[in-house]
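Here, each number is a calculation from the coordinates, and none is a lab measurement. Quick caveat: nothing in here was measured; it's all calculated off a predicted structure. As a convention, Cβ positions derive from the backbone with ideal geometry for all residues, glycine included, and neighbour counts pool all protein chains shown.
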Ligand SMILES: [Zn+2]
């Protein structure tokens, strides 16, 4: 049977949770329109500036922490923090062990140019490699380990300096917003896989440091009372994220070397392998269609362009990318080892309910006087 695709974006009829209206437009397009079509960037920027002011008024060693991959968006966030909004950022990089030369080069040119403090953390490289390996073999992917590492360094330094804000370069407007059925990097899943692979709880907990949203109610209250909690937000969700302007800043003001303007994730050597492994989990290039659909909605790509790229990607989905042999060698894996004929993924380990935040009644009750205090204060 022929695949039906949304008449506006390129999502297919087997995409999780998809519904079409009479015009053949999907519910994901409609919810994107509701949020972004008439988005008031002026109001959003005012809100952002207010958040920045509050952070600055705390007088900490750093006003904000920027998880810094050396990619385009996080570099631009760092630039905006320092140059446009006059914040004191701390840039924090997790060395995932396969950062690209471009990323490293750009980090070492951007950081001194902007004059910001920067830390790069390498976490037990031998152990980390074993974690990745176990995840590839059991979960069919490796991004969840990297995500855990980014959270590890972010949480570690946020706590160390009590930094009130964490600012990321992820965009809800143009980056893929995968539903749970497609992708999860949730710590509950990572923990389960690594436990099953035989790692000790102690070793796992060393990397999978608890995130703010995972803390029990009392600890959250304690953080708030000590003023040690933090707000985490995506800067591109508050400001127009103009690709041409970003490129200009990177090249002219930060002396960037960009390999290919069209490529995503120039910061990771194995990014093409990510898509290749993804299509073993869910055949039909489900992953690419999400990114293309976001770009169409945002007017950065036409549907015809997206369809032709998607068809090409689907036709080649079983062809390993050039980086594949390096990838296998790096993690001491065989081609058969990563074949994943059963389509293993996070879905074999957790359900959606496992990822939902369980707030206790006690915490909910405590948050009422807390909100009152905030209202009175303002
Ligand atoms: Zn659509």
For this session: Sticking to Cα atoms, compute the Rg of segment 248-351 to one decimal and its Dmax as the biggest Cα-Cα distance, whole number, in Å.
Result: 16.3, 48
Problem set entry | Candidates 281, 202, 158: whichever shows maximal mean-square fluctuation once the chain is modelled as a Gaussian network with Cα springs under 10 Å | 202
Exercise. Counting other C-beta atoms within 10 Å, which of 280, 371 has the fewest, and how do the rest follow?
Worked result: 371, 280
Exercise. Top mean-square fluctuation among 353, 141, 251, Gaussian network model of the chain, C-alpha springs under 10 Å?
Worked result: 353
For this session: Only bridges with both residues in segment 1-148 count here: give the DSSP antiparallel percent, nearest 5.
Result: 20 percent
Problem set entry | Packing rank of 34-43, 110-119, where each peptide gets the mean count of other beta carbons within 10 Å, highest leading | 110-119, 34-43
Exercise. In what order do 318, 186 fall by count of nearby beta-carbon atoms within 10 Å, going from fewest to most?
Worked result: 318, 186
Exercise. Over the alpha carbons of segment 1-94, what is the largest minus smallest coordinate on each principal axis, giving the biggest first in Å?
Worked result: 60, 32, 19
For this session: Considering only 333, 97, 226, give the residue with the highest GNM mean-square fluctuation for the chain, with springs between Cα atoms whenever their separation is below 10 Å.
Result: 226
For this session: Sticking to Cα atoms, compute the Rg of segment 265-315 to one decimal and its Dmax as the biggest Cα-Cα distance, whole number, in Å.
Result: 11.5, 30
Seminar exercise, completed: Of the convex hull drawn through the C-alpha atoms of the chain, the volume per residue in Å³ is 164 Å³
Seminar exercise, completed: Footprinting proxy, 65, 156: sorted fewest to most Cβ within 10 Å, the residues are 156, 65
For this session: Classify segment 83-188 as rounded, prolate or oblate from the Cα gyration tensor: take a ≥ b ≥ c as the square roots of its eigenvalues, call it rounded if a/c is under 1.5, otherwise prolate when a/b beats b/c and oblate if not.
Result: prolate
Exercise. If r is the Cβ-Cβ distance from residue 332 to residue 21 and R0 is 45 Å, what FRET efficiency results, to the nearest 0.05?
Worked result: 0.35
Seminar exercise, completed: Heads up, segment 151-242 by the C-alpha gyration tensor (a ≥ b ≥ c square roots of eigenvalues; a/c under 1.5 rounded, else a/b over b/c prolate, else oblate) looks oblate
Exercise. Based on the Cα gyration tensor of segment 187-233, what are the three equivalent ellipsoid semi-axes, each the root of five times an eigenvalue, rounded to whole Å and given largest first?
Worked result: 27, 10, 9
Seminar exercise, completed: Checked segment 1-159 against the a/c 1.5 cut and the a/b vs b/c comparison, axes a ≥ b ≥ c from its Cα gyration tensor; verdict oblate
